[in-house]
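Taking it in order: structure first as structure tokens, then the write-up.
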Amino acid sequence: RARRADDSPAAAAARGRALYRSQGCAACHGPEGRGDGPVAGTLSFPPTDFRRPEAYRRGAAAAAIRASIHDGVREGAAPAMPAFPGLAGRDLEDLAAYVASLQAPAALSARGAWIRLLPPVSRTTAAYLTVANASDRPRVLESISTPAARSVELHRMTTADGMMEMREVAEVPVPANGSVSLAPGGYHAMLIGLKRPLTRGELVPLLLRFDDGTSLRVSAVVGDAAPEAP
């Protein structure tokens, strides 16, 4: 194949970014590839967050990305992403290079998410989990949201004059190369205005947002205690 004046990975990704915009990819996947485009909420299958290699349905390697763009992606018998057969050759490679450039190491992760089971009449409950940060930079958990509740507030239990107090906090620090636990007696999230009673064993989606713009989607199990580690 003929080489272009600038065939570097950075130049290919720059050309791919222009194609990303002209082909309408941002409408579904968002301007920065986070899966939050203006029509994302209307789709049967949520668009892939290109920053998360584990979220790619057909794999995050360059060859898999090229095939996904050219052939489309299906979930069973249903199309999850349309095919772009008109893109071929270097344009296809450039667009795949840009998508691949959006990937970021999974520095932040969450485990052990659970929500306390309360009587059906209760409209408020608490959620707990552990957030780990594998990077060399501290992060801040700024908010948690869920479709199961009207709002979610971050809280912390503290001791003052021998008395336990619960106070709302604006954020939860996540240390570099460390972790923070949202657990009974410390930091936790309050789900306020539950839209319906939660049931034992149910998985409730939580969306965690951090100060660097990244987010994590986790499933919290409803029960009386933290789930056992596998």
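Structure notes:
- Matching residues in the range 46-71 - criterion: being open to solvent by 60 Å² or more (accessible area, probe 1.4 Å), closer than 21 Å to residue 209 by Cα and in a loop (DSSP other than H, G, I, E, B): 46, 52
- For the range 190-207, a residue qualifies if it is of a type outside the set (Val, Ile, Thr), more than 8 Å from residue 220 (Cα to Cα) and in contact (Cβ under 8 Å) with a residue 40 or more places away in the chain, and the qualifying residues are 190, 191, 193, 194, 195, 196, 197, 198, 200, 207.
- Of the residues contained in the range 11-21, none is found to be outside any loop (DSSP other than H, G, I, E, B), of a type in the set (A, V, I, L, M, F, W, C), more than 14 Å from residue 91 (Cβ to Cβ) and open to solvent by less than 40 Å² (accessible area, probe 1.4 Å).
- In the range 119-139, the residues that are surrounded by fewer than 16 Cβ atoms within 10 Å (Cβ to Cβ) and not hydroxyl-bearing (Ser, Thr, Tyr): 119, 120, 121, 123, 134, 136, 137, 138
- Failed condition for residue 198, given (1) in a strand (DSSP E or B); (2) at pLDDT 95 or above; (3) on the phi < 0 side of the Ramachandran plot: (1)
- Output for the range 137-169, where each listed residue is among the small types (Gly, Ala, Ser) and modelled with pLDDT of 95 or more: 143, 145, 148, 149, 151
- Condition met for residue 43 (in contact (Cβ under 8 Å) with a residue 24 or more places away in the chain and either of a type in the set (A, V, I, L, M, F, W, C) or surrounded by fewer than 15 Cβ atoms within 10 Å (Cβ to Cβ) (or both)): no
- Residue within the range 64-72 that is at pLDDT below 85, among the acidic types (Asp, Glu) and farther than 17 Å from residue 94 by Cβ present: no
- Count of the range 72-117 residues which are open to solvent by 60 Å² or more (accessible area, probe 1.4 Å), over 26 Å from residue 19 (Cβ atoms) and in a loop (DSSP other than H, G, I, E, B): 3
- Only one of the numbered conditions (1) free of Cβ contacts under 8 Å to residues at least 40 places away in the same chain; (2) more than 19 Å from the chain's Cα centre (by Cα) is not met by residue 178, and that is (1).
The values are calculated or read from the model by the stated rules, or taken from the named source; none is laboratory data. Since the structure is predicted, the reported quantities are computational estimates derived from the model, not experimental observations. Here the Cβ is made from the backbone with ideal geometry for all residues, glycine too, and neighbour counts use every protein chain on show. Please note that ligands, DNA and RNA were not included when accessible areas were found on the heavy atoms of the full protein model with its side chains. Shrake-Rupley method; radii C 1.70, N 1.55, O 1.52, S 1.80 Å.
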